[in-house]
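These notes concern the structure reproduced below.
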Amino acid sequence: MRLSVVNVSNNYLTTFSVVALTVNVVSSARFPSPEWVEAYCRALNESPEYRRAGRGWVWPILFIATDLPEDLRSIYTSNNPGFLLDLYDGECRGYRFFDDALKADAPFIISARFSDWVDIILGKESPVSALIRRKLVLRKGDMAAVLRYASAAIEMVKAAQRVGGVTS
């Protein structure tokens, strides 16, 4: 659902209302479900900060969650769900969800334990420090390229926070 509001007399409040509405609409999906990924791709596209920071990045990324909590293991029996984001020049052009992401491929593959993804999304740890500390594992791709786009990674986390649906 898209909402367009034009209010020349009070731009700040209009912008705030639209953002609050977006957060409420997408927060019902739980990480890492297909619905969450759809909302996440949309949140990235609604972020001017991500669009700016992601300019120049032209490769899809496959994100994999491992070591799921018990309730998610009953849903994703592979214990390795994940999603591919088609990220191109500051835009999420699409996504694909995998019940078993270990069977998928992409130019860049990043995996982490579910609990580490939760810590990153909740802001308890930055994605850059998690990568350096190997809580996030770059299974495939160029580390220098990933680090060059550290500001985009931070904006991606902020978009994930707006989506919500993250519980440990």
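Observations
- For segment 145-152, putting each phi into the Karplus relation 6.51 cos²θ - 1.76 cosθ + 1.60 with θ = phi - 60° gives couplings of 5, 4, 5, 4, 10, 4, 5, 5 Hz, in residue order, rounded to whole numbers and with x for Gly and Pro.
- In segment 94-168, the trypsin sites (Lys or Arg not before Pro) that fall in loop regions by DSSP, at most 14 other Cβ within 10 Å: Lys124, Arg133, Arg134
- Amide H contacts of Thr66 (H built 1.01 Å from N, in plane; Pro and chain starts excluded): Ala112, Arg113, Phe114 sit under 5 Å, all sequence-distant by 5 or more or on other chains.
Taken together, the values in this text are just the output of simple stated rules run on the coordinates, not laboratory data. A quick note: this is a predicted structure, and the numbers were derived from the prediction, not measured. Quick reminder, even Gly has a Cβ in these numbers, built from the backbone with ideal geometry, and neighbours come from all protein chains shown.
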